[in-house]
């Protein structure tokens, strides 16, 4: 059973290494995890909260707005690394809000995706019973594979991000 005083947090590294799903305690203000718990996870000491939209694909697509805890100074670093997976979550939100006139959705550095407290993600893999033991015919799998497929940038969106990166490098 999930603790109601915790929230699911996914760490998306800018280097595209595998995402990590964590369950963190809600901070003292009751409005998300404490910054002190997030700082070491995204390698920063100053956080800006941006918004994004998680879209869960499947037979019945669902979406939920999420907070994106970002390094506020990531773009000011000597060699900022764009986080394409986190930028895609922001793109999902902006696409609905602004259409073709959206602001630049790109985020840099490592990002913590904070899901709303009421939105619970089961971290047990398909093919397990409620105790977490595998059912007959199933074996060990990465429990987040299906869920993390959503944060892979679609080819058509990758073209948009590549074009934006090219324009940004020309401007600099």
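The values are calculated or read from the model by the stated rules, or taken from the named source; none is laboratory data. Nothing here was measured: the structure is a model prediction, and the numbers come from that model. Cβ coordinates were reconstructed from backbone atoms using ideal geometry, including for glycine residues, and neighbour counts include every protein chain displayed.
In the set (1) modelled with pLDDT of 50 or more; (2) closer than 19 Å to residue 19 by Cβ; (3) under 17 Å from the mean Cα position of the chain (by Cα), residue 145 fails one condition alone, (1). Check 52, 32 and return the single one that is modelled with pLDDT of 85 or more, touching a strand residue (DSSP E or B) at 6+ places or on another chain (Cβ under 7 Å) and under 16 Å from residue 71 (Cβ atoms). One residue alone meets the criteria, 52.
Pairs linking a residue in the range 91-103 that is under 18 Å from residue 66 (Cβ atoms) to a residue that is at pLDDT below 85 and part of a helix (DSSP H, G or I), with Cβ atoms under 9 Å and 6 or more positions apart or on different chains, are 91/157; 91/160; 91/161.
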